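These notes are about the structure you will find just below.
The values are calculated or read from the model by the stated rules, or taken from the named source; none is laboratory data. The structure displayed is predicted, hence computed values, not measured ones. Positions of Cβ are backbone-derived with ideal geometry, glycine not excepted, and every protein chain shown enters the neighbour counts.
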Amino acid sequence: MRTYITGYLLVAALPLAVLAACASTPGPAPVDPSGSAAGFAARRLEQLAPEPAAPAAGWNRAQWLSAALQFNPQLAEARSRVAAAAAAERTAAQHPNPTLNLFTEYVGAATHSATWLYGLSLDFLLRRPGDRARARHYAALETALANSDLTESIWSVRAALRQALLDAASSRDEALLLEALIGERQILLDSDRSRADAGDISRPQLLADELELSRAQQRLRRAQAREADAVSRLAAAVGVPLAALQGIPVRWDGWAAIDTLAALPQPSEELRGAALIGRPEIVRALREYDLAEIALQNEVAKRWPEVHLTPGYAWGGDGARQDPLNDFTQETALGVNFELPLFNQHQGPIGEALARRDAAGQHLIAVQAELFGQIDRAELAWPRARTAWDDAAGVVAIAQRQHDAEQRSFAAGAGDRASLVSAQVASTEAQLLLLAAAYDAESAFGALEDAYRRPLQGSESELPLVGDPPS
């Protein structure tokens with residue numbers, strides 16, 4: 001009788017246990033596109049706190065990068081992927097729950113009347129040795145892979161931000177020089193018109209002056225368009241709407257001082273070696289290879305059977321009897337089941353896992369080869385761009401000497417105003433040439449930083465580590 005009552009209590013308690021396990025569930029979190037759009041439109045740089053300087057005072061590149069680390073939505077998404085991968089580590093560490101099976105059984109015998117038995121069984125999975133450890137290692141590698149993706153995303157944002165600042169600053173400086181050039185060419189045109197009216201020069205010369213003036217005006221409009229586009233790209237890199245940059249100075253002081261980069265050491269084997277083994281793409285390829293290796297180990301382990309242990313218990317009365325307490329029937333059972341390797345020995349999945357591991361190894365080699373090419377190109381391009389800037393600086397010096405000579409000659413009364421203005425035009429064009437060479441050199445230097453995946457100079461190098469997300 002006691003066993004009979006205990007069985008009923010057990011069956012009654014099981015649903016309660018299941019309901020208790022399901023009681024704690026996360027609440028709904030609906031997504032509101034209108035609300036998120038309004039929140040993004042309301043973002044302002046002044047929300048950053050604490051900051052050593054207000055945005056209106058002008059930020060350096062490190063401060064712009066700090067703002068991007070906080071605001072950029074792509075980085076927020078990458079961090080959420082890291083959190084999701086880390087959450088999977090808890091799942092991998094869990095032991096599998098047993099499976100409950102409730103059943104009823106009709107028993108008939110010739111010696112006594114038929115009866116119904118009621119029972120339950122539990123299915124316990126006995127995992128193969130090492131399965132749980134491999135699952136935890138696999139989940140940890142997935143988290144490391146997500147972290148490498150986050151590091152690469154941070155660098156991509158940094159590169160986009162640097163390029164946007166460079167384009168904005170260079171376009172603004174170019175526009176200032178072009179405005180001066182337009183004024184000088186207008187003066188030259190007016191002077192030539194007077195000379196043409198006096199018969200000193202021919203009319204076709206005026207057409208050439210007008211053409212050069214129109215070209216300068218067109219160059220100015222292109223520079224202004226590039227500046228507007230650069231500011232828009234800067235807002236996107238930071239993660240704020242364009243309206244958030246209204247009234248905020250966007251500048252990069254000293255960007256054209258390429259001679260300050262000359263103090264950097266020449267490309268070294270240390271930087272190259274660190275990039276070839278430590279860049280996020282390499283880390284990702286290594287983690288993918290490790291994941292393929294664990295997947296192969298899992299397939300190899302499946303050659304050994306996975307055992308299911310199934311204990312069961314059933315109880316019931318012995319038909320319609322006068323004394324049901326004495327005629328109580330109970331049964332206990334223990335089942336074991338596992339796969340029989342009769343038709344295959346799991347060689348197919350093992351072969352697939354081997355092929356995927358080989359493909360992951362080849363992918364690693366391909367990534368390294370691509371990085372070799374990128375680093376080689378960057379190391380070759382930087383010194384050439386630096387030399388081109390030196391040559392352009394020489395052209396500026398020559399043009400300045402010519403202008404000074406024309407100015408002295410004009411002051412002494414030996415020259416005319418048209419020659420002086422022409423010399424000034426040549427000097428401004430030389431400065432524009434130097435500005436373009438400086439832009440190319442800064443771009444080449446940025447490509448070298450991209451190849452090494454580290455800032456080589458500037459305020460960003462003062463940060464603890466560019467690749468780390470903010471704590």
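Looking only at the stretch 206-217, decide whether some residue is without any contact (Cβ under 8 Å) to a residue 12 or more places away in the chain and surrounded by 15 or more Cβ atoms within 10 Å (Cβ to Cβ). Walk me through how you get there before you give the answer.
Taking the stretch 206-217 first, the residues without any contact (Cβ under 8 Å) to a residue 12 or more places away in the chain are 207-208, 211, 214-215.
Add one more test, that the residue is surrounded by 15 or more Cβ atoms within 10 Å (Cβ to Cβ), and what stays is none.
Within the stretch 206-217, not a single residue is without any contact (Cβ under 8 Å) to a residue 12 or more places away in the chain and surrounded by 15 or more Cβ atoms within 10 Å (Cβ to Cβ).
In the stretch 218-256, what residues are over 21 Å from residue 159 (Cβ atoms), among the aliphatic types (A, V, I, L, M) and surrounded by fewer than 18 Cβ atoms within 10 Å (Cβ to Cβ)?
Matches in the stretch 218-256: 225, 243.
Somewhere in the stretch 105-119, is a residue closer than 22 Å to residue 304 by Cβ and either over 31 Å from the mean Cα position of the chain (by Cα) or surrounded by fewer than 16 Cβ atoms within 10 Å (Cβ to Cβ) (or both)?
No: the stretch 105-119 contains no residue that is closer than 22 Å to residue 304 by Cβ and either over 31 Å from the mean Cα position of the chain (by Cα) or surrounded by fewer than 16 Cβ atoms within 10 Å (Cβ to Cβ) (or both).
Inside the stretch 82-104, can you point out the residues that are buried (at least 18 other Cβ atoms within 10 Å of the Cβ) and either aromatic (Phe, Trp, Tyr) or closer than 30 Å to residue 46 by Cβ (or both)?
Selection gives 82 alone.
Restricting attention to the stretch 154-198, which residues are of a type in the set (S, T, N, Q) and more than 26 Å from the chain's Cα centre (by Cα)? Talk me through it step by step, then tell me what you get.
If we filter the stretch 154-198 for residues that are of a type in the set (S, T, N, Q), which is where we start, we get 156, 163, 170-171, 186, 191, 194.
Those that are of a type in the set (S, T, N, Q) and more than 26 Å from the chain's Cα centre (by Cα): 170, 171, 186, 191, 194.
Take residue 121 and tell me if it is modelled with pLDDT under 95, outside the structural domain of residue 215 (by TED's automatic domain parsing) and assigned to a loop (DSSP other than H, G, I, E, B).
Numbers: modelled with pLDDT under 95: yes; outside the structural domain of residue 215 (by TED's automatic domain parsing): yes; assigned to a loop (DSSP other than H, G, I, E, B): no.
Criteria not met by residue 121.
Across the stretch 354-380, what is the number of residues that are β-branched (Val, Ile, Thr) and surrounded by fewer than 18 Cβ atoms within 10 Å (Cβ to Cβ)? Write out each step before concluding.
Of the stretch 354-380, the ones β-branched (Val, Ile, Thr) are 365, 367, 375.
Going one step further and asking which of them are surrounded by fewer than 18 Cβ atoms within 10 Å (Cβ to Cβ), we end up with 365.
Adding up the residues that qualify gives 1.
Test residue 417 against the criterion of being under 26 Å from residue 177 (Cα atoms), of a type in the set (D, E, K, R) and surrounded by fewer than 20 Cβ atoms within 10 Å (Cβ to Cβ), and give yes or no.
Yes: the conditions hold for residue 417.
When the stretch 365-395 is examined, which residues are found to be of a type in the set (A, V, I, L, M, F, W, C) and more than 30 Å from residue 424 (Cβ to Cβ)? I'd like the intermediate steps shown before the answer.
Going through the stretch 365-395, the residues of a type in the set (A, V, I, L, M, F, W, C) turn out to be 365-367, 369, 371-372, 375, 378, 380-382, 385, 388-389, 392-393, 395.
Result: 365, 366, 367, 369, 371, 372, 375, 378, 380, 381, 382.
Within the stretch 59-88, count every residue that is of a type in the set (Phe, Trp, Tyr) and either modelled with pLDDT under 90 or in contact with a His (Cβ under 7 Å, 6 or more places away or on another chain) (or both). Don't jump to the end; show me each part of the working.
First, the residues of the stretch 59-88 that are of a type in the set (Phe, Trp, Tyr): 59, 64, 71.
Okay, now just the ones that are also either modelled with pLDDT under 90 or in contact with a His (Cβ under 7 Å, 6 or more places away or on another chain) (or both), so 59.
Count: 1.
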